[in-house]
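**Student:** My questions will all concern the structure given below.
The values are calculated or read from the model by the stated rules, or taken from the named source; none is laboratory data. Just so you know, these numbers come straight off a predicted model, no measurement behind them. Heads up, the Cβs are rebuilt from the backbone with ideal geometry, glycines too, and the neighbour counts pull from every protein chain shown.
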Amino acid sequence: MTLTESTAEVVVAGAGPTGLMLACELALAGVETLVLEKLPQRIEQVKGGGIQPRTAELLESRGLLEPLLKRAMPRDPVGGHFAALPVPLDCTPWRTRHPFPIAIPQWEIEEVLEERALAAGVRVVRDAAVSAVESDDDGVVVTADGLRVRASHLVACDGGHSTVRKLLGLSFPGRPGTHQAVVADIRLSAVSAYVPRQMGHMSSLTRHAGGYWAMLVPLGDDRYRFTFGRADQADDTRDIPVTAEEITGALQTVYGPESTLGAVDHSSRFTDATRQLEHYRAGRVLFAGDAAHIHPPLGGQGLNLGIQDAFNLGWKLAAVVQHRAPSDLLDSYHSERHPVGAQVLHHTSAQRVLADPNPSDDVAALRDIVIDLLRLPDTNRHLAGLMSGLSLRYELPGEHPLTGQRMPDADLVTEAGPTRLSALFGSGHAVLLDLAAAVPAGLPLPPRVDLVRATCADDLGSAALLIRPDGYVCWAADTPTARADTLLTALAALTGGLAQVH
């Protein structure tokens, strides 16, 4: 086969939500990015169709939330869940403008992200399965069917069965799947009284009957997302195609013989496997999304975890590729995101026990206790922050209590007029927010750091804040006049010690 030679600054393997979000972030910084996708066309399956509050905040900071909301499916304004227990999680104590999960089919999320990526100059090549990866001191060479691309870095966002991970011979330690289930986009030609009419809290959408557990989610018109399984069905059927007869059997067992299957648009199987890469970086190859971590799909964490990986990695990789930061800055991607992934694997494992459709007497007793605890405001707040991503705090250098935290999207007034904090991040720059004339005049700033002087009616807990492009505070000062030396140190850390001032 004759190979077509090409170049890019970064190659992204996989055009799912993680890969496309990363491509958007890289393109925003002016990085030449090529996305390789093995599928010839997008599969229009709902799959991971929930955007958690923190992900919504991040998408809004890039102007991506509004086009997504136009595609959102109708849903009751109710909080998320922990292990499908019947107590909604209340995110309002976390001071967010988006306290409820947003229901959008995964393929529509991908479509919006790809439109943005293409408009920013990203190249997306489909029907291009990665078949070889070679690395040297200067970069990587990626072969995909008839294309051979040389780049500075490769980011594998190619899913739980990552080809890149396998080509590099990296182990994927964890627990194999013990049970499998089916998720299908279906159409019903007739429905029983048991079929839900409106998308609401997870606990109101689940049913158990005849050895099955099932969740039927209305998507509008006669369309539904049908997820089901049996406690006695092992993982060894993973590769067997899903049949209409199998779907009908589960549907009518759980929702009654009056519920009639009209059509199956898409279907697939998934398992409760839990695995995580030991290192998210292998030289010039990095891993994000399901290529780095997989877990049971409890609480709608997977898609959100991957998109947040992309927000953390994008600005760092751009700085390294453009020689604004040393390669060591990429190590902070692993050190920050690996613990986050491990935490998600940990709490989805706990949910896996609590959500057992056929619980033992001991597990049933534990469920009762946890339900009671969820009704306590402090417990609910803690788990709401955990599941939504709003409570995430990175371990960053600095003694101020805000260091490492996200900042709520506050209303501000600048010289240009009223605005919101989220609106300051549309360029993907870091923001030095001065709320009390605390930043010395004439302070030199590195590239892609914007100084914004503003007032805020709300108490943000500091006179001045340095906020990273992904929305986390990396420096704060309470005094009316900030110490320039500590700020310069923080600015240098933001660029891996290579801050070039202007």
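**Student:** Out of all the residues in the stretch 265-307, which are part of a strand (DSSP E or B) and crowded, with 22+ Cβ neighbours inside 10 Å?
**Tutor:** VAL285, LEU286, PHE287, HIS293, ILE294
**Student:** Tell me, which strands (runs of 3 or more DSSP E) lie completely within the stretch 124-193 with 1 or more residues that are of a type outside the set (Asp, Glu), closer than 30 Å to PRO218 by Cβ and not assigned by TED's automatic domain parsing to the domain that holds ALA27? Break it down into steps so the answer makes sense when it comes.
**Tutor:** Details: elements: 130-136, 139-144, 147-151, 153-156, 180-190.
Output list reads 180-190.
**Student:** Report those strands (runs of 3 or more DSSP E) wholly inside the stretch 1-54 carrying at least 3 residues which are within 24 Å of LEU390 (Cβ to Cβ).
**Tutor:** none
**Student:** Among LEU59, LEU28, which is the only one that is buried (at least 24 other Cβ atoms within 10 Å of the Cβ), in contact with a helix residue (DSSP H, G or I) (Cβ under 8 Å, 6 or more places away or on another chain) and modelled with pLDDT of 95 or more?
**Tutor:** It is LEU59.
**Student:** Another question, if that's okay. Yes or no: the stretch 35-48 includes at least one residue that is surrounded by 21 or more Cβ atoms within 10 Å (Cβ to Cβ), at pLDDT below 95 and under 22 Å from LEU392 (Cβ atoms).
**Tutor:** Here is the first cut: in the stretch 35-48, the residues surrounded by 21 or more Cβ atoms within 10 Å (Cβ to Cβ) are 35-37, 46-48.
Right, trim to at pLDDT below 95 and you get 46-48.
With the extra rule that they be under 22 Å from LEU392 (Cβ atoms), the set shrinks to 48.
The answer is yes, given that some residue of the stretch 35-48 is surrounded by 21 or more Cβ atoms within 10 Å (Cβ to Cβ), at pLDDT below 95 and under 22 Å from LEU392 (Cβ atoms).
**Student:** Here is a list of conditions, (1) out of contact with any helix residue (DSSP H, G or I) (no Cβ under 8 Å at 6 or more places or on another chain); (2) over 19 Å from GLU336 (Cβ atoms); (3) at pLDDT 90 or above, and VAL449 meets all of them except one; can you say which number that is?
**Tutor:** Unmet for VAL449, out of (1) out of contact with any helix residue (DSSP H, G or I) (no Cβ under 8 Å at 6 or more places or on another chain); (2) over 19 Å from GLU336 (Cβ atoms); (3) at pLDDT 90 or above: (1).
**Student:** Here's a follow-up. Quick check: anything in the stretch 252-264 touching a residue at least 40 places away in the same chain (Cβ under 8 Å), surrounded by fewer than 20 Cβ atoms within 10 Å (Cβ to Cβ), under 18 Å from GLN106 (Cβ atoms) and not aromatic (Phe, Trp, Tyr)?
**Tutor:** yes
**Student:** Go through PRO401, PRO418 for me and flag whichever is touching a residue at least 24 places away in the same chain (Cβ under 8 Å), under 30 Å from GLY63 (Cα atoms) and either aliphatic (A, V, I, L, M) or not in a helix (DSSP H, G or I) (or both).
**Tutor:** Working: PRO418 fails: touching a residue at least 24 places away in the same chain (Cβ under 8 Å).
Step by step, each of PRO401, PRO418 is checked, and only PRO401 is touching a residue at least 24 places away in the same chain (Cβ under 8 Å), under 30 Å from GLY63 (Cα atoms) and either aliphatic (A, V, I, L, M) or not in a helix (DSSP H, G or I) (or both).
**Student:** Spot the failing condition for ALA184; the list is (1) under 14 Å from ALA103 (Cβ atoms); (2) under 23 Å from the mean Cα position of the chain (by Cα); (3) not basic (Lys, Arg), and only one is missed.
**Tutor:** (1)
**Student:** Confirm whether THR163 is in contact (Cβ under 8 Å) with a residue 40 or more places away in the chain, closer than 30 Å to GLU278 by Cβ and surrounded by fewer than 16 Cβ atoms within 10 Å (Cβ to Cβ).
**Tutor:** no
**Student:** Follow-up question, since we're still on this one. Does TYR280 meet the test of being closer than 25 Å to ALA355 by Cβ and touching a Lys or Arg at 6+ places or on another chain (Cβ under 8 Å)?
**Tutor:** On the way: closer than 25 Å to ALA355 by Cβ: no; touching a Lys or Arg at 6+ places or on another chain (Cβ under 8 Å): yes.
Answer is no for this residue.
Residue-by-condition table, conditions (1) out of contact with any Phe, Trp or Tyr (no Cβ under 6 Å at 6 or more places or on another chain); (2) aromatic (Phe, Trp, Tyr):
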{"position": "VAL46", "(1), (2)": "yes, no"}
{"position": "LEU58", "(1), (2)": "no, no"}
{"position": "GLY63", "(1), (2)": "yes, no"}
{"position": "LEU69", "(1), (2)": "yes, no"}
{"position": "ALA72", "(1), (2)": "yes, no"}
{"position": "ASP76", "(1), (2)": "yes, no"}
{"position": "PHE82", "(1), (2)": "yes, yes"}
{"position": "LEU85", "(1), (2)": "yes, no"}
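Each row is one residue, and each column tells you yes or no for (1) out of contact with any Ser or Thr (no Cβ under 6 Å at 6 or more places or on another chain); (2) under 24 Å from VAL142 (Cα atoms); (3) among the polar types (S, T, N, Q).
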| position | (1), (2), (3) |
| --- | --- |
| GLY289 | no, yes, no |
| PRO296 | no, no, no |
| ALA310 | no, yes, no |
| LYS316 | yes, yes, no |
| PRO326 | yes, yes, no |
| GLU336 | yes, no, no |
| GLY341 | yes, no, no |
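**Student:** Something else: Here is a check on your reading of the model: is VAL78 surrounded by 21 or more Cβ atoms within 10 Å (Cβ to Cβ), assigned to a loop (DSSP other than H, G, I, E, B) and in contact (Cβ under 8 Å) with a residue 24 or more places away in the chain? Spell out the reasoning first.
**Tutor:** Working: surrounded by 21 or more Cβ atoms within 10 Å (Cβ to Cβ): no; assigned to a loop (DSSP other than H, G, I, E, B): yes; in contact (Cβ under 8 Å) with a residue 24 or more places away in the chain: yes.
In short, no.
**Student:** Only one of these is at pLDDT below 95 and within 22 Å of THR55 (Cβ to Cβ): LEU443, LEU396, LEU390. Name it. I'd like the intermediate steps shown before the answer.
**Tutor:** Details: LEU443 fails: within 22 Å of THR55 (Cβ to Cβ); LEU390 fails: at pLDDT below 95.
It is LEU396.
**Student:** Another question, then. Test each condition in (1) touching a helix residue (DSSP H, G or I) at 6+ places or on another chain (Cβ under 9 Å); (2) part of a loop (DSSP other than H, G, I, E, B); (3) without any contact (Cβ under 8 Å) to a residue 60 or more places away in the chain for LEU412 and report the one that comes out false.
**Tutor:** So the condition that LEU412 fails would be (2).
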